[in-house]
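I have placed the structure first, in the form of structure tokens, so that the comments after it can refer back to it.
Each value in this text was obtained by applying a stated rule to the coordinates, not by laboratory testing. Note that the structure is predicted; figures quoted are calculated from it, not measured. With ideal geometry, Cβ positions are generated from the backbone for all residues, glycine too; neighbour counts draw on all protein chains shown.
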Amino acid sequence: MPKTLYDKLWESHLVAHREDGAALIYIDRHLLHEVTSPQAFSGLKEAGLQPWRVSPNIATPDHNVPTVKRELGIQGIEDEISRIQVKTLDDNCRKFAIPEFTLEDIRQGIVHIVGPEQGATLPGMTVVCGDSHTSTHGAFAALAQGIGTSEVEHVLATQCLLQKKAKNMAVQVDGSLNTGVFSKDLILAIIRQIGTDGGTGHVIEYRGEAIRNLSMEARMTVCNMAIESGARAGMMAFDQTTFDYLQGRPYAPKKEEWESALDVWQDLASDDGSVFDAQCSIDAGDIRPQISWGTSPEMVVDVEERIPDPKQSGSSADLHTRALDYMGLEPGQPITSVYLDRVFIGSCTNARIEDLRIAAKVVKGRKKAKNIRQAMVVPGSGLVKQQAEEEGLHSIFLDAGFEWRAPGCSMCLAMNADKLGNRERCASTSNRNFEGRQGYGGRTHLVSPAMAAMAAVVGHFADVRELLQ
Amino acid sequence: MKAFTVHSGIVLPIDRSHVDTDQIIPKQFLKSIKRSGFQDNLFDSWRYLEEGHPEQNANERRINPDFVLNKPRFAGASILLSRENFGCGSSREHAVWALSEYGICCLLAPSFADIFFSNCVKNGLLPITLDASLIDRLFELVHHQEGFSLTVNLPDQCILLPENEGSIAFEVDPFHKDCLIKGLNEIELTLTYADAIRAYETRQKQLTPWLFADLDPKS
């Protein structure tokens, strides 16, 4: 019987199958950060347990770290509670001999950017992390899922997860993206179509011509937001693009092992005739730049559209009215008439080198608009930052009046000092526009790096295709 | 883990769909390295009239009298009723810890987000998925009856309504049911499979040795 990619990954990691339907799945890679691991390490210590294996684990602080004064290391964290949390990660990693890219290490960064960058995320792996955006790593034909802290402890102690197999869902993306339309627009359009719970109980495989034509960076952006449509994991088949990205990465297999790995990886795609429990399709050529207008990642419009009227939202009318109220917007208002206070280019969704290149292309030779209080670029890792500086991207941003920061999650979730003030409006390349996500009372609009850069130089939303075509 | 068998309690109606974990427990409270101390910050930005910070005295804060959690008739509630896709967003288990500490034992909704659902079960909370029409009916009943309570019986998989209004049967995964009723420690349970895990590793080391390489942090 033909198997889907998810079927193959599930079966190759099955340790035991229980009669009640639960299964024990082996975990190849476990990424850790400071926020969801301390209680897991405490649990391990209380139970007198050691990690089952040390080498599958890699840690880096990201959620809570400052994006300024990094030369001061951990002492540069002004907030004492945050400092304790980062120090606790350092202490736990030292105690259990877990490799950690600390604040001083150039490889430190957002955990979902660091893993692939180091070649620590490989095709055919099971990857977990106490963070819902772990779905990012599925771009490498891996089964990657976010877990809670109890599961972090469970994986540390047993190298396994106890779970039931999810259903298979296919998102077919044919055609090709037009100039000025990016993978972020694609994933926002998908979420808009299937809803924030369209993928619940499923693992999504993104497939089709448009997916095959995406770079690894762009693929990661798509898989990153699988969770925003309810799917714990998103994934894509292995191909030449995956191969090219991984070759020569520090933790990728070398020499003969690389050759044998390739043999195994070639099979990491759904077989012809695979059956999916749910399917949807979208034509990439129909997608225009997307902008979220509400407080859920499914509340999205095209750049040419107006803010929807709740009276036409059917059963979602209350939800939409509430969202408009929170966002301070009027029904029928063109989205391009919305002015911004801040612009944030960063996060595990869009802080890779390609994202920064695209944003820089838009910004080059222009200036931040006067009404924009702050436009901030936060590279996803120390290595992304270094690469961008070698290419001179930082100068383009600085010359335009943007801020060039040190790596971390930053204003995606605003756990550190980077946050929106009450009622401040932000064009953000991050993944969630929930109430208060970027700061108490803050108003988030999700967009691609190109659209964020465009908003920063124009002051309001505008169609970046006009500039890039 | 605490066991769940039969539980009776007042129902707390959170009449919103897609309640995300950022609302259940906002990010600023995730800086804690402990598993407890979250109950005063459950639904923090809906529950209080100003932004909350860690280590604040909750008694000195201005509460939002319009939010259900603050209405005297729902004091001591332990069964949370809500709409579809409850618990979406971030995987933060702090959301479940906050609910649990507040006293919530059971949640009823037409659907739950996957990671949140799993986090509930691992902390002894029972999430029950019911048809949207049944959820509508329960919202109606809560609305009209002060102190509306339910009895949730996990072994029998039924919810008993007050005053002979009948009962509602519900589905539960057999593994989750067993874990909840016995209050099983999953790590101990998995470690009973230690031999199977080692056998898997021996097999895989032959097939995919690169997955067992030591990571040299200096490389």
Handout entry: Local net charge near A:ASP79, Cβ-Cβ under 14 Å (Lys/Arg +1, Asp/Glu -1)
Key = +1
Exercise for the section: For the stretch A:289-468, give the magnitude of the charge dipole about the Cα centre (Cβ charges: +1 Lys/Arg, -1 Asp/Glu; no others), in debye to the nearest 20. Expected result: 420 debye
Practice task
Among DSSP beta bridges whose residues both lie in the protein assembly as shown, state the antiparallel percentage, nearest 5.
Solution key: 30 percent
Exercise for the section: Determine, from the Cβ-Cβ distance of B:GLU50 and B:LYS205 and an R0 of 56 Å, the FRET efficiency 1/(1 + (r/R0)^6), rounded to the nearest 0.05. Expected result: 0.50
Fill in the blank from the handout: Here the FRET efficiency for B:GLN39 versus B:ARG73, based on Cβ atoms and R0 = 22 Å and rounded to 0.05, is 0.65
Problem - Fluctuation leader among B:ILE25, B:ILE197, B:ILE63 - chain B, Gaussian network, Cα springs under 10 angstrom - result: B:ILE197
Problem - 17 Å reach of a label modelled at B:ALA213, 7 Å along Cα-to-Cβ, counting backbone N of the stretch A:43-62 - result: A:54-58
Exercise for the section: Could you list the trypsin sites (Lys or Arg not before Pro) in the stretch A:1-97 that lie in coil according to DSSP, counting only those with at most 13 other Cβ atoms within 10 Å of their Cβ? Expected result: A:LYS69
Fill in the blank from the handout: Per its Cα gyration tensor (rounded if a/c is under 1.5, else prolate when a/b beats b/c, else oblate), the protein assembly as shown is best filed as rounded
Fill in the blank from the handout: The simple spin-label model distance between A:ARG18 and B:ARG137, using points 7 Å out along Cα→Cβ, in nm, is 3.2 nm
Completion exercise
Among beta bridges assigned by DSSP with both residues in the stretch A:5-163, the antiparallel ones amount in percent, to the nearest 5, to 40 percent
Practice task
Just subtract the alpha-carbon distance of A:GLU78 and A:ASP244 from 0.36 nm times their residue separation and send over the number in nm, one decimal.
Solution key: 55.6 nm
Exercise for the section: Assuming a ≥ b ≥ c are the square roots of the Cα gyration tensor eigenvalues, decide whether chain B counts as rounded (a/c under 1.5), prolate (otherwise, with a/b larger than b/c) or oblate. Expected result: oblate
Handout entry: Projected label distance in nm at A:SER395 and A:SER260, using a 7 Å step from Cα toward the beta-carbon
Key = 4.8 nm
Handout entry: Residues A:GLN333 and B:HIS7, FRET efficiency given R0 of 45 Å [Cβ-Cβ distance, rounded to 0.05]
Key = 0.40
Completion exercise
Surpassing 20 Å at the alpha-carbon level, of the pairs A:LYS164/B:LYS34; A:LYS165/B:LYS177; B:LYS34/B:LYS71; A:LYS8/A:LYS165; B:LYS122/B:LYS177, are A:LYS164/B:LYS34; B:LYS34/B:LYS71
Completion exercise
For the stretch B:147-205, the percent of all C-alpha pairs falling in each 10 Å bin, from 0 up to the bin holding the max distance, is 18, 30, 22, 15, 10, 5, 0
Practice task
Rounded to the nearest Å, what's the spacing between the alpha carbon centres of the stretch A:153-191 and the stretch A:386-455? Just the number, please.
Solution key: 23 Å
Handout entry: Estimated 222 nm signal from helices in chain B, with DSSP H stretches of n ≥ 4 weighted -39500 (n - 2.57), rounded to 500
Key = -8500 deg cm²/dmol
Fill in the blank from the handout: Checked against the positive end of the charge dipole of the stretch B:101-219 (+1 on Cβ of Lys and Arg, -1 on Cβ of Asp and Glu, about the Cα centre), the farthest of B:PRO174, B:LEU108, B:SER149 is B:PRO174
Exercise for the section: Pick out, in residue order, every one of the trypsin sites (Lys or Arg not before Pro) in the stretch A:390-469 that is DSSP loop and has at most 14 other C-beta atoms within 10 Å; say none if there are none. Expected result: A:ARG423
Fill in the blank from the handout: Toy charge model, Lys and Arg Cβ at +1, Asp and Glu Cβ at -1: chain A dipole around Cα centroid in debye, rounded to 20, equals 1020 debye
Problem - Label-point gap, in nm, between A:MET1 and A:ASP283 - each point 7 angstrom along Cα→Cβ - result: 3.5 nm
Handout entry: Relative contact order (%) - criterion: Cα under 8 Å, at least six apart; region: chain A
Key = 17 percent
Fill in the blank from the handout: Computed over the stretch A:289-468, the Cα gyration tensor eigenvalues, each multiplied by 5 and square-rooted, give semi-axes in Å (largest first) of 28, 17, 13
Exercise for the section: Would you please state which residues of the stretch B:48-86 a label at B:ASP15 would reach in this model, taking the label point 7 Å out along Cα→Cβ and a backbone N cut-off of under 17 Å? Expected result: B:65-75, B:80-84
Handout entry: Extended-chain gain in nm, criterion 0.36 nm per residue less alpha-carbon gap, A:ILE106 and A:ARG53
Key = 16.5 nm
Completion exercise
Checking the stretch A:21-111 for GluC sites (Glu not before Pro) in a loop per DSSP with at most 16 other beta-carbon atoms within 10 Å yields A:GLU78, A:GLU104
Completion exercise
Note, A:LEU383: beta-carbon cut-off 12 Å, +1 each Lys/Arg, -1 each Asp/Glu, net 0
Handout entry: Helix-only mean residue ellipticity at 222 nm for chain A, each DSSP H run of n ≥ 4 adding -39500 (n - 2.57), per residue, nearest 500
Key = -8500 deg cm²/dmol
